[in-house]
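Reviewing the structure listed below.
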Amino acid sequence: MELASSTETIEHVAIELPVEPQSAAEARAAISPLRHRANASSFDDVRLLLSELVADALATKPRPANAAINLEAQALGGVTRVTVTFDSLRLRLPTQKPRPAEPGWGVYLVQTLATRWGARRTANGTYVWFEG
C-alpha cells in the first residue's frame with residue numbers, strides 16, 4: 001500500500017487489491033485516514049459505494065486469475081474523490097436499476113448516490129470514478 005501525505009494529514013491513498021471477498025474491508029480501511037478531511041455525511045456513502053464496487057467485481061464472470069482492483073482516493077476541501085480501475089474485469093455498467101441478486105448494483109449506486117461520477121470500459125477492464 002502506498003500512502004502519500006501533506007504536511008501533517010493524509011490526503012491521498014493508493015492501493016492494489018486482489019479480487020477477493022476481504023478486499024472490500026481492505027479498501028474501506030485504506031481510505032479511512034481520509035475521513036478527517038472529508039464531509040462526514042458523504043464519507044459513509046463513499047465507503048458504501050467502494051464496498052459495492054468490490055462486490056460487483058466479485059460477481060463478474062469470467063474472472064481471470066490476474067484480475068486486480070486498483071484504488072486511488074483523495075480528500076480535498078471536504079470532497080472525497082475515488083478512482084477504481086478493475087484490471088482484467090468488465091464490470092456490468094447498467095443503464096437501469098438491476099434486479100435483486102443481479103450484478104451491477106455497485107455502479108448503479110455510484111450513479112445514484114455520488115455527487116459526480118463516470119465509468120467506462122478500457123482495453124483491459126473497467127474504470128469508475130466518483131465523488132462524495
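None of the figures in this text is laboratory data; all of them are computed from the coordinates on show. Everything quoted here is computed from the prediction, not taken from an experiment. As a convention, Cβ positions derive from the backbone with ideal geometry for all residues, glycine included, and neighbour counts pool all protein chains shown.
In the chain, helices alone account for a calculated mean residue ellipticity at 222 nm of -9000 deg cm²/dmol, with every DSSP H run of four or more residues adding -39,500 (n - 2.57).
Label-to-label distance for Ala123 and Thr83 is 1.8 nm, based on points extended 7 Å past Cα in the beta-carbon direction.
Note on Lys61, Lys97: ascending count of other Cβ atoms within 10 Å places them as Lys61, Lys97, the fewest first.
Largest mean-square fluctuation among Arg47, Arg99, Arg116, in a Gaussian network model of the chain whose springs join Cα atoms under 10 Å apart, belongs to Arg99. When +1 charges are put on Lys and Arg Cβ atoms and -1 charges on Asp and Glu Cβ atoms, the dipole computed for the chain relative to its Cα centre reaches about 560 debye.
Restricting the calculation to Cα atoms, region 2-131 shows an Rg/Rh of 0.96 when the hydrodynamic-style radius is the Kirkwood one. Placing a label point 7 Å from the Cα of Leu93 along the Cα-to-Cβ line, the residues of region 29-61 whose backbone N sits under 19 Å from it are 50, 52-61. Karplus-derived 3J(HN,Hα) values for region 52-58, using 6.51 cos²θ - 1.76 cosθ + 1.60 with θ = phi - 60°, are 5, 5, 5, 4, 4, 4, 5 Hz; glycine and proline are entered as x.
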